[in-house]
Amino acid sequence: MSGQIGKDLVTFDTLLQLDSMRSLLLLALIAPALAAAQDNAGQPILSPRDTTRATIGSAHLLVDYGRPSKRGRQVVGKLIPYDDWWRTGANAATTFVTDKDLVFGSTTVPAGTYTLYSVLQKSGPWLLVVNKQNKQWGTEYHQDQDLARIPMTTTAVSPFVEKFVINVVPQGSGGAIQLVWDTIEGTATFTTK
């Protein structure tokens, strides 16, 4: 019988060790998140995440993006340089999801998940870039993954918009994706297939 008790003690001791190892592993996994949360305690998040959802016709659309603030800076041409790609938001890449095909002019964007970038051209239309890559950080851009570069119309906005916003709104017989920040709005219109 004493052999049985010794065997049970080893098993119980092994379980205690495994439980301690699990606790340490869990602590190692959540410690960075706890430290980050404490670093931000009482401080506003500079570029919070936001989500825009819309139903246009029979299409369900979602945009998940970071919302940087102007904070007294010149946005167009400085913070967002002309003639170069921009992550169209902040931090993680901007995700765009559609469950139906969308038609932007002569360009069809099939149902799927994409990343949105943009190019603010100094002379020429702004471009909404629909990229096939997704789930990456916003500064990781591969032009060879572009599905489409869609011309946008731009209009002045007054008063200025402090926090960048992406709207998806009904327009005409379809809808529009609007990028609005500072004193300007870029719009790409589409219809659903």
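FYI, it's all coordinate maths here, none of it is from the lab. Please read these numbers as outputs of a predicted model, since none were measured by experiment. Cβ sites come from the backbone with ideal geometry, for glycine too, and all protein chains shown count toward neighbours.
Here are the numbers:
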item: Neighbour-count ranking [beta-carbon atoms within 10 angstrom, fewest first] of 137, 86, 181, 126; result: 137, 86, 126, 181
item: Euclidean distance between Cα centres, segment 43-67 to segment 121-141, Å; result: 17 Å
item: Estimated FRET transfer efficiency (residue 122, residue 99; beta-carbon r; R0 22 Å; 0.05); result: 0.05
item: For residue 88, distant residues with modelled amide H under 5 Å away; result: 118
item: For 114, 141, 65, 82, order by how many other beta-carbon atoms lie within 10 Å, fewest first; result: 82, 141, 114, 65
item: Qualifying trypsin sites (Lys or Arg not before Pro) for segment 87-192 [loop in DSSP, other Cβ within 10 Å: at most 10]; result: 122, 135
item: Order of 98, 115, 52 - criterion: other Cβ atoms within 10 Å of each residue's Cβ, fewest first; result: 52, 98, 115
item: All lysines inside 29 Å of residue 193 as judged from Cα atoms, apart from same-chain residues fewer than 8 positions distant; result: 100, 132, 135
